[in-house]
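Inspection log for the structure reproduced underneath, given as structure tokens.
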Amino acid sequence: MRFRDQAENSADNTYGRFSAFISYSHDDMAAAARLQQKLERYRLPKQVAAAHANSTRTLGPIFRDRDDLAAGTSLSAAIRDAISRAECLIVVCSPAAANSRWVAAEIALFRELHPGKPILPAIISGHPQEAFPAELLLNGNEPLAADLRAEADGPQLGLLKIIAGVAGVPLDALIQRDAQRKLRRVMAITVVAIAAVIIMGAMTIFALHARNEAARQRAAAEGLVEFMLTDLRETLRGVGRPDAMTVVNAEALEHYRAQGDLASLPPESLERRARVILAMGEDDTVAGRPELAERKYLEAYRTTAALLALTPKSSDSIFGHAQSAFYVGQSALLRGDRQTALRHWNAYRDLAGRLAKVEPNSVRSQMELGYSEGNLCDLYVRNGGNLTVALRHCMAAIDYEKKALALEPTNRKIKQDLANRYGWAANVKTRLGAFQDVLALRKTEAQLMQELAASDPRNVEYALRSSWALIGMADAHIALKQYRAAEQLLQKSIAGSSAILAAGQGNLPVMETELRLWMLLARTQKFQGQDNVASMAAARRIRQKMEVLGPSFRQAAKKIWTSYIGTEG
């Protein structure tokens, strides 16, 4: 454990008081140092500082130990002295802290010396049950804590809770001051965005009036556009104002339309133009504006086509145009235009083939071939398409992605994508009635996902996809009347994923999967003439939980229930 840098250990504070003592595990040293730095830099609002014990805007000296304790069974004299002079104790809670004897000893000593002073737990990782040191739970109650994890209070609100506890001031006053600060920041950024649009418009006008200055003005304007559509976009998202990008997007698109003939633009301008327009299309897609998104994708497609015409042998140009072709095809498919989607996705596959010739046996080229074949598999499966053709594309996708995985065996993304391809092929085989083939495909899918789940046991998506593969195998066993084999698979999936599924309550895919497992198990037991009361009761409990979580959960639960029972009852 470590001693704090400078002021609190100086002669000026030899006999003074510490506003807080930070207790933490050595494994959490970096997090404790960041917390100390934020506490020391914080300034209380003027109207709140009057209620602070020292009537100052700073919190005062914060103690964090810096030198490792000597091996032994008791705390050093320096630590004991610091704790004796601390007004409160901040405990950095994590699984490592829960297992630290030094953290436990510091908590016990603080309680002994200051039974009436506050102890402020601050969770930085792990669930509360595994993060709290046992000394915090002596009265049998879980203490109120500032939870700095992103999925809980978050770093900002969690910090304000700690500051309120150290300063002894109302949390509401600090939250109000923080909100005012954020509002001022948003207003400043919005002014910058509007000013940037005005500047860009002026620069475009100057470019039209001065031919000799056109190249320089274009480069400056495009640099500003890229700033607005990259750095500025991330900043506005960070302060909760993505809507402010609407005017920026419109001005940027008008700037590019005014450039006219793309053949006159240099390759670097075309590449930048394509990237920013695709980013704009993604913004529209996320905002639920598919028609506007498609316009952006078509504009990007026109740009990458011009770039490819300029540099036909460039692997990056080929790759960039392939991405545009994919997005245009995806937009067409979403609005039901299957022929346009097929044309662009065939073009995507051809471009992936060109990429493989320019960079043969690269991971990127093999994955692009796999993605393009997978898209065509998806397309032919939809709306009662040609399943034989769909299967051919599915199996081709598997072959390409297997090659990519052989090139990078530890790449988790490739392994997950390959498992997904096996799942798609199994879906086609199911519709063709080839259930023995389904079992083989699902078995491979399950093995890939179980390897990923074993490498990251807390990954919910890995656990879900493992369960989906086992559900697919169970469905195939049921179709073959192999009910006992189906039951064993389902029991294995339920037992193996129970902990992570329980932790995902409130997550729609997690609860859908859990409901399907129990409903399918109940059906399998019924087919064997077994008692399925317990399985149906478990399924009913999950459905009842989903019923109170909102319309999307209720609708999903009803759909799954009726698919297995045939009635809403």
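Where a number appears in this text, it was derived from the coordinates with a stated rule and is not lab data. Please read these numbers as outputs of a predicted model, since none were measured by experiment. Cβ: placed from backbone, ideal geometry, glycine included. Neighbour counts: every protein chain shown.
Rounded to 0.05, the FRET efficiency of the residue 559 and residue 309 pair, given R0 = 41 Å and the Cβ-Cβ distance, is 0.25. By the equivalent-ellipsoid construction on the alpha carbon gyration tensor, region 272-349 comes out with semi-axes of 21, 15, 8 Å, ordered largest to smallest. By the beta-carbon count within 10 Å of each Cβ, the least crowded to most crowded order of 541, 516, fewest first, is 541, 516. Pairs over the 28 Å Cα-Cα cut-off, from the set 413/545; 117/161; 413/481; 357/415: 413/545; 413/481. Between residue 548 and residue 58, the FRET efficiency estimated from the beta carbon spacing at R0 = 56 angstrom works out to 0.75. By the count of neighbouring beta-carbon atoms within 10 Å, fewest first, 110, 553 end up ordered 553, 110.
Subtracting the Cα-Cα distance of residue 76 and residue 334 from 0.36 nm times their residue separation leaves 86.2 nm of extension gain. When each of the peptides 390-399, 353-362, 87-96 is scored by how many other beta carbons lie within 10 Å of its residues on average, the order from highest to lowest is 87-96, 390-399, 353-362.
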